[in-house]
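The values are calculated or read from the model by the stated rules, or taken from the named source; none is laboratory data. What you are looking at is a predicted structure, and each value in this text was computed from that prediction instead of being measured. Quick reminder, even Gly has a Cβ in these numbers, built from the backbone with ideal geometry, and neighbours come from all protein chains shown.
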Amino acid sequence: MVNLSTNTGGLTLKNPVIAASGTFGYGLEYCQYMDLNRLGGLIVKGLSLNPHLGNPPPRIIETTGGMLNSIGLQNIGVDAFIKEKLPLLRQYDVAIIVNIFGQTVEEYVKVARRLSEVEGINGVEINISCPNIKAGGIMFGKDPQQAGFLTKRVREATPLPLMVKLTPEARNISEVAQRVEDSGADSISLVNTFLGMAIDVETSKPLLATITGGLSGPAIKPIALRMVWEVAQAVSIPVVGSGGIASARDALEFIIAGAQAVQVGTANFINPAISVEIIEGIGKYLQDKKLKGIKQLVGSLKIPAHEKTSH
């Protein structure tokens, strides 16, 4: 038996695989396809202070090696989640992390405070990286100072373990990571989607109603992996990697690059049970390599000596 447990800043997970926000609904939608108890954690879709309708359709388009989405963070609001969804989620032995967003700092703070008043929530992920809403979100994530200020305010509002989800659109993502670490984040997750677009050449119109949307899936994995590697070297708090993970080998790359855990997103749409397959694949890899636990693998990337000096 190998030890798959890991820690993401005050939150111990039985294994390093987390279902990513926005691709796993409120978690309950996947019960018929897999055993939620197998997951290390699940992050529910982004919650706001009040119900949010999201963007008009069409808002999902398949692309080569991935997909574009412009859902716009549609959700039922924090109070409805606490009343309708959380009691059912509490039945499962899995870490429940709630992704939160707002159009203002005060909205983030109020949602975080509300979630701290109830039992059954194991952590909060601050979304400062969604490219599909007109206010808030990515506006905070691009600027290190704003990202730090928002993190500090949310930190003051909740004792729950705090993960901050970064945008790849930041000019210097390592600088943003360092700022949120200094402002009280317990861990950092990256990356969210890249801003992209698609055009119908027959009509010369955008394929998304909002023109642009967030690109996710295998197409972004090499860039996401590079950013996780960079950020893991820049901060001392745990890093959670995401971006195009669709197999155990993908997940292992992120862990070797320095991630304590990984989030599986777009792959859930292709194979709803993919997270369990990834968990099993990681376990087999550790056994084959005769490693006792996942911690031996985190940040084990071997850099040639001449590359170390050149950096």
Here the residues within segment 145-165 that are modelled with pLDDT of 95 or more and in contact with a strand residue (DSSP E or B) (Cβ under 8 Å, 6 or more places away or on another chain) are Thr151, Val154, Arg155, Thr158, Leu160, Pro161, Leu162, Met163, Val164, Lys165
Of the residues that make up segment 36-53, is at least one under 19 Å from Leu195 (Cβ atoms) and out of contact with any His (no Cβ under 6 Å at 6 or more places or on another chain)? yes
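Would you check which residues across segment 239-290 are among the charged types (D, E, K, R) and under 27 Å from Ile173 (Cα atoms) and list them?
Answer for segment 239-290, where residues must be among the charged types (D, E, K, R) and under 27 Å from Ile173 (Cα atoms): Arg249, Asp250, Glu253.
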Looking at segment 49-68, is at least one residue within 29 Å of Ser5 (Cα to Cα), among the polar types (S, T, N, Q) and out of contact with any Leu (no Cβ under 7 Å at 6 or more places or on another chain)? no
Matching residues in segment 203-229 - criterion: being out of contact with any helix residue (DSSP H, G or I) (no Cβ under 9 Å at 6 or more places or on another chain), over 21 Å from Ile60 (Cα atoms) and not aliphatic (A, V, I, L, M): Pro222
Condition first: of a type in the set (D, E, K, R) and part of a helix (DSSP H, G or I). Now tell me which residues in segment 1-47 satisfy that. Glu29, Arg38
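Quick one: which residue in Asp186, Asp200, Asp250 is surrounded by fewer than 23 Cβ atoms within 10 Å (Cβ to Cβ), within 28 Å of Gln146 (Cα to Cα) and either touching a Ser or Thr at 6+ places or on another chain (Cβ under 6 Å) or not aliphatic (A, V, I, L, M) (or both)?
Details: Asp200 fails: within 28 Å of Gln146 (Cα to Cα); Asp250 fails: within 28 Å of Gln146 (Cα to Cα).
After applying the criteria, what remains is Asp186.
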Quick one: what pairs do we get from segment 1-16, first residue charged (D, E, K, R), second modelled with pLDDT of 95 or more and surrounded by fewer than 18 Cβ atoms within 10 Å (Cβ to Cβ), C-beta under 6 Å, 6+ apart or different chains? Lys14/Ser5
Where in segment 254-311 are there helices (runs of 4 or more DSSP H), lying fully within it, with 1 or more residues that are modelled with pLDDT of 95 or more? 267-270, 274-288
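Say we look at segment 169-191 and pick out the residues that are modelled with pLDDT of 95 or more and part of a loop (DSSP other than H, G, I, E, B); which of these is farthest from Val118 (Cα to Cα)?
Looking only at segment 169-191, we keep the residues that are modelled with pLDDT of 95 or more, and these are 172-191.
Filter once more, so that each one left must be part of a loop (DSSP other than H, G, I, E, B): 172, 183-186, 191.
Values: Asn172: 36, Ser183: 24, Gly184: 22, Ala185: 21, Asp186: 20, Val191: 29 Å.
Checked segment 169-191; the qualifying residue farthest from Val118 (Cα to Cα) is Asn172.
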